[in-house]
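Notes to accompany the following structure.
Values quoted throughout were computed directly from the atomic coordinates according to the rules given, and no laboratory measurement underlies them. The shown structure was predicted, so the numbers you read here are calculated from the model rather than taken from an experiment. For neighbour counting, all protein chains shown are included, and Cβ atoms are generated from backbone atoms with ideal geometry for every residue, glycine included.
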Amino acid sequence: MLTASLLLSTITAITASAAPETPEGVFGSGWQTSGDRAWTTSGDGDGFHVLVADAGDGYAWRTAATLSEPGFDTDRWIGNACVTGSGDRAVVVYAPRTFTNEPDLTGRGGFTAVVHLTSGEVTKLPVHTSLAYFNPGCGTGETAVLTQEGTEDLGRTRLLELDAASATTAAPIDVPGQLTSATPTRDGIVAADLNMLVKVGKDGKRSRLAKASSVPHRIRADADGGVVFVDREGDRATVRRVHDTKTTTLATGGLRNLGIASSAQGTVFLTGKADQVQARDAVVLTDDKDATVSTTGRVVVPPPRPADQLVTPTEAQPVKLTVRVPATGRSTESSVHPARNVSPNAGSGRTPAPVGSAPESRAAGSPHDTVEAERMCSVARNDPAVQVYQPTPREVEWAANYAVYGRLPAQGMFPLPPLERGGQVPAQLLLGVMAQESNLWQAGRAVMPGQAGNPLIGNYYGRFVGSAQNPANEWDIRWDKADCGYGMTQMTDGMRMKGREKPGEVALPYEQQHAIATSYEANLAAGLQLLHRKWNELARFKVNGGNPRRLESWFYVVWAYNSGFHAYDKRFEEGRNGAWGLGWLNNPANPRYAADRTPFGKDPKDLATPQRWPYPEKVMGFAAYPVWGFEAPGKPVPGYRGGGWLDDQARDFVQPPPQIFCKNEPPVYDNDCRWGTKVEPTDPEVIGEPAGPCHHRNAAEQYDLRCWVHFGVGGKLANGTIEWKDCWVEENNRCGQEMLRFLNPDAPRQPRGSSYPPRCGTGTDAGLPANALVIDDVPDGVAPVSNPSCVRAPNSGTFQFTFAGDGSYPSKIDTHQIGGGYGAHFWFAHTWTNGPADKLKVTGTWRLNRPMNGWARVLVHMPDHGAHTQQARYRVDRGNGTVPNERVLLQRTQEHSWVSLGVFEFTGVPSVSLDNITKDNKPDPAKPKKAWNGIEDVAWDAIAFEPLPGKPEHQIVSLGDSYSSGEGTGGATGERFYRETDNNGDNVHRNACHRSKDGWPLLGRLSSLGDVPVRTLVEERSPHVDFHFLACSGARTHEIRAKGPGMFREVSQLDRGFLDENTTLVSLTVGGNDAGFSDVITKCITDAVNYCFDSTLAGDTEPLKVALPKRLRTGVTPAITDLLHEIKLTARHARIVVLGYAPMFEPDTDCTGLISKQESNWLNEMAGLMREAVQAAVAAAGDRVHFADPTDRFTGRRICSASKAINTIILDKTPGDRPLSDLVPHSAQSFHPNRAGVDLLAETYSEKLRELGI
């Protein structure tokens, strides 16, 4: 353990590492008063995070908001954001990553919100908008433009002007055809069209603002009323500015190298690398083309990159963020955890979007059944009889390697039709599809490899999401058309319930539906079968020669796998007007995708913005650059082996030239998309749309803007040239080929995963008393899928949910099952407060199947994961018709454990209930807007009733502060602290109550039971003792009292419900934190100029030598007295033992090098006054309250003695300690009794108990 001897050298090292750069040297002069704000975004399985760093805070990063929605199983939330002219607000569009796989969802399904960047307040809008990279668009004021895309199905684009200050939208503007990159300017909306920049009127009419060589991108409004944009010319980019109808060229460079970005105030900068800068005032701010610029333009921030490894895919992903200062050439880099330093209202981003925006169940259902009979999708979620195993990445890769050669047993149900032209699907193509569809998940995102849980289902609760004012609005998403996609390949065809199919859909036999949903091998086999069918369907439309053994030849097939192939003989169905082939959505020429994109996946940051690429490019990218997955908690591994190419250049060229499917030359000329040509639309629905490259004509021979592809491209042309790639050439073939890890030679089936093994057994084998009556959360007949050999006790009762709702029960959306905990199954949901709680409340009730008359102990099983809340409020109904007893427990034990709710006298059939409504989400009185809805898990596992021979004679509750909790005895890594009281450090989930297994309340001895330590009696579950340990390090009197704020998001100690008329003994230490001793000691350590007693603490008006004695007399004694009176009233039959604090230092010593002899003597003097203050409070509290003084026992054992019983400086941090604590990075265990000191406190306590006959 690091101690005081190393402190000075540690501080010196820290100081030396920071000394060379002053803030002015890094950030430039005036940085503190500049009002500048850097910002960026990141996404992960936890949510979409808006991150900000204010200049006044030294550009220290915090999370302004985290946005997500309940009911979506996703590995990553994605989105786009822009900041308004004031720099105070961000307009954000966000969604699950898989929304980019669905045409409607990617075009107008993104959730939309306004985030206040200071408070973190989130206002979610009742509209859904595009996930395309350019949406939303901000200008120089508080107006933004939102885009809804309807190019293919509606033939037009809708624009919405948003007043970010009021979070309201104006009347929609409908524009025929496709517009991209809509941006507000002082003169109205500007957007990108083919070969021009256009101005859009309120009536939807557009007028040309400037010519362009293609579709402009990266449009930015500047503060002088101009508009800057990037114009693509082949593989070159030209930055242009138009103002007052005059267009000027600012710079030129490579398409993938040159970009622009703007500050909130409207200064537009060049980013990346310019080959030539024509305008004298044009500034290249950064060499990172995709960097964001701060609100005033002082700093730039490159895109975030992953930092620390995750333990599970549902956690917030730490990211590396760099702040670059162009004026000084300096930069800072930091690792930022989105869940740590957060804005006051960051958690409000998890509150469901407004009515009409959040998923709702299809029709009225049962308030108790977890399975919805009213569902659309065939295989139910939350059915304990249907639990899905989550494979490891190696299991998936093994299955893929064998399946492509037809050697997977599950293919008996899903046989492969032979491929036209022979061969087989390259294994990496299949793996790439699964990576894009599901990240190789078969079960829900909370299920780790080796576990079982709900199947992964796309839009299971989908119905209709839209405007409450106009339910028939064609711009709203119709969730009743959700695809019910299951598992790794997101198989949709035939997966609806029989009788509830889509028009034209035929439901598969239930045996096949069940296999697709529950077996990853069957799901993979079905997806592979579909790829075979798509290949054969498109056999005459060859890409790169059509070699099935080469990856680039599968581009059309992957395109069709996602958005379908519309057959020639059905060209007049469903309003297609004769169009056939592959639609416009996934065409690489579509300007909804970033024109300057690089091959997907080459840079890991690409995974954060998949909306920049069409589906086929992402699949090819995943085949070339594999995803990472999890083998076990905290063990990320490569998802599979990537495909093989001749060289890196050939690998990069897996991305096709963007206009290859839209070329104006044979044979591609036969496609309806011919880039560079202009055809005036003549279909009445699109008349007025500018001339463009879409040559399709409807049945009336009218041009209707349908750019669909239906002829082959690539390969060796008739003139001998190679277009894109020739995948048939025998030598120097530059197309990708599969790389098998597990076939040739054969390899055995890969081992199952072993994440979070369940707790199995009965009686003492399961950690229970032999006579325990167990009620599990599932019936006896439910098989333990995660561990088929897991044995559990037979049920002695029933468990039932009650779901809140108005008949549709949206609370079921946020309820999940996991194959862990006791008996390999538990349920969990998230905690909620206030508004959302009305619909998202979930209550689980365990009911014994027999009457019980007498005393019994109630035990709750906490699983080793998926249980996080620090405010699980259990209600124990004793069966006698009286008000249930409430007891509040912490669930984050991080290990399987039976936790006692206490002992109760039952006279009837008992029950226990738990819901997901907690106070930890309510606003903090000190921070009125602080709320954390929907981020903590609450779990329902098994409970047990342990009948007792009678009423335990000792019912003990230990309250208090760090001296009672055992702070100082946790060990170097906190191994002796109960884990639920020592976790998450600098994090919103933090708990540092530091209750120790070696705390003196546990080591105290009860003379009436043979002088046995309380801890031994508790571990043996003695029928004579009921003990509850509630003390918390740092607690002040008001944090212990009822209705007090509590500590670390625990409810106050008296509000936990363990004190009642049956309590016989209460122990505590209290008052040291009310006096501020922690701050006093810190002052003595850090003040190198004055004696600390001559210094004045923040908030005081007098030096400590005056202020502290006054505070002890006038503040601490009355506060303790009031607390003791309240304890007496609550536990009206209990004895109360208050331990005092011992002086810390041997007299006249100076051994630490940090606290002088004069200061240590003064601190001892103050400890004497502290003792007198506590004694006075005990005397004022009257009968049943007793004081125990440990002072004499610490004589010769204090700091600076040969065998000290009190810690000095401890540098080793435990999981609950903050990473840094002001200047001195010491642990909270510093200056607290060590293990020897706790023994002395326990002796003092035990002696007092003997005096009292206890």
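The long axis of helix 1235-1251 is offset from the longest Cα principal axis of the chain by roughly 50 degrees.
Compared with the dominant principal axis of the Cα atoms in the chain, helix 1157-1181 is inclined by about 80°.
Can you work out the FRET efficiency for the pair Ala1180 and Ser754, with r the C-beta to C-beta distance and R0 = 60 Å, to the nearest 0.05?
Details: r = 58 Å, r/R0 = 0.97.
Working from the Cβ atoms, E equals 0.55.
Along the positive direction of the dipole of the range 756-946 (beta-carbon charges: Lys, Arg +1; Asp, Glu -1; about the Cα centre), which of His868, Gly820, Thr831 reaches farthest? The one lying farthest along the dipole's positive direction is Thr831. Can you tell me how the range 748-871 classifies by the Cα gyration tensor, rounded, prolate or oblate, using a/c under 1.5 as the rounded cut? Oblate. When the pairs Lys605/Lys839; Lys605/Lys725; Lys812/Lys1213; Lys246/Lys289; Lys919/Lys1128; Lys534/Lys725 are compared against a 29 Å limit on Cα-Cα distance, Lys605/Lys839; Lys812/Lys1213 fall above it.
Rounded, prolate or oblate: pick one for the range 176-321, where a ≥ b ≥ c are the square roots of the eigenvalues of its C-alpha gyration tensor, a/c under 1.5 means rounded, and failing that, prolate if a/b is larger than b/c, else oblate. Can you show the working numbers first?
Values: a/c = 1.90, a/b = 1.52, b/c = 1.25.
Prolate.
Pairs of Cα atoms nearer than 8 Å and 6+ residues apart set the relative contact order; for the chain it is 8 percent. With a simple spin-label model that places each label point 7 Å from the Cα along the Cα-to-Cβ direction, the separation between Ser1203 and Glu420 comes to 9.0 nm.
Run the numbers on the range 756-946 and let me know its relative contact order in percent, using alpha-carbon pairs under 8 Å that are six or more apart.
Values: 506 pairs, mean separation 51.6, N = 191.
Dividing the mean separation by the residue count of the range 756-946 yields 27 percent.
For the chain, every cysteine has a partner cysteine C-beta closer than 4.7 Å. The length gained on full extension between Arg1235 and Val883, counted as 0.36 nm times the residue separation minus their Cα-Cα distance, comes to 122.5 nm. Per-residue Cβ neighbour counts within 10 Å put Glu886, Glu511, Glu723, Glu936 in the sequence Glu511, Glu886, Glu723, Glu936, beginning with the fewest. Spin-label model, Lys205/Arg407: points 7 Å from Cα along the beta carbon direction are separated by 6.9 nm. Counting Lys +1, Arg +1, Asp -1, Glu -1, what net charge surrounds Asn771 among other residues with beta carbon under 12 Å of its beta carbon? That sum, taken over residues with Cβ under 12 Å, equals +1.
Converting phi to 3J(HN,Hα) with the Karplus coefficients 6.51, -1.76 and 1.60 and the offset θ = phi - 60°, the range 707-723 yields 8, 9, 10, 8, 9, x, 9, x, x, 8, 7, 4, 7, x, 7, 9, 9 Hz in sequence order, with x at every glycine or proline. Shown for Met739, Met497, Met1170, Met491: other C-beta atoms within 10 Å of each C-beta, ranked fewest to most, produce the order Met739, Met497, Met1170, Met491.
For the chain, find the longest principal axis of its Cα atoms and tell me its angle to the long axis of helix 520-537, 0 to 90°, nearest 10. Rounded to the nearest ten degrees, it is 10.
Counting other Cβ atoms within 10 Å, keep those with at most 13, restrict to DSSP loop, and tell me which trypsin sites (Lys or Arg not before Pro) in the range 489-579 are left. Kindly include the intermediate steps, with their values, before the conclusion.
Working: sites: Arg496, Lys498, Arg500, Arg533, Lys534, Arg540, Lys542, Arg549, Arg550, Lys570, Arg571, Arg576; in loops: Lys498, Arg500, Arg540, Lys542, Arg549, Arg571, Arg576.
Answer in residue order: Lys498, Arg540.
Counted over the chain with a bin width of 20 Å, the fraction of Cα pairs per bin, in whole percents, is 10, 36, 34, 17, 4, 0.
Run the numbers on the range 508-595 and let me know its relative contact order in percent, using alpha-carbon pairs under 8 Å that are six or more apart. After rounding, I find 17 percent.
Please arrange Arg305, Arg89 by how many other C-beta atoms lie within 10 Å of their C-beta, fewest to most. Numbers along the way, then the final one.
Details: Arg305 15, Arg89 25.
With the fewest neighbours first, Arg305, Arg89 line up as Arg305, Arg89.
Here is the list for the range 1041-1087: trypsin sites (Lys or Arg not before Pro) lying in DSSP coil, each with at most 11 other C-beta atoms within 10 angstrom of its C-beta, are Lys1043. At an R0 of 56 angstrom, the distance between the Cβ atoms of Ala747 and Ala223 translates into a FRET efficiency of 0.35. Dividing the summed helix terms, -39500 (n - 2.57) for each DSSP H run of n ≥ 4, by the number of residues in the chain produces a 222 nm estimate of -4500 deg cm²/dmol to the nearest 500.
For the range 577-606, the residues whose backbone nitrogen is under 19 Å from a point 7 Å from the Cα of Arg540, taken along Cα to Cβ, are 578-583. All Cα-Cα distances of the range 285-436, cut into 5 Å bins from zero to the largest, leave 1, 6, 8, 9, 10, 11, 12, 12, 11, 9, 6, 4, 1, 0 percent in each bin in turn.
Between Glu730 and Lys678, what's the calculated FRET efficiency when r is the beta-carbon distance and R0 is 41 Å? Round to 0.05.
Numbers: r = 42 Å, r/R0 = 1.03.
FRET efficiency, Glu730 to Lys678: 0.45.
For the range 282-315, the residues whose backbone nitrogen is under 19 Å from a point 7 Å from the Cα of Ala327, taken along Cα to Cβ, are 282-287, 292-302.
When a/c is below 1.5 the answer is rounded, else prolate if a/b is larger than b/c, else oblate, so apply that to the range 31-350 with a ≥ b ≥ c taken from the square roots of the Cα gyration tensor eigenvalues. Write out the running numbers ahead of the final one.
On the way: a/c = 1.62, a/b = 1.16, b/c = 1.40.
Oblate shape, in that a/c is at least 1.5 and b/c is the bigger or equal ratio.
Computed from label points 7 Å out along Cα-Cβ, the spacing between Lys951 and Ser166 is 6.6 nm.
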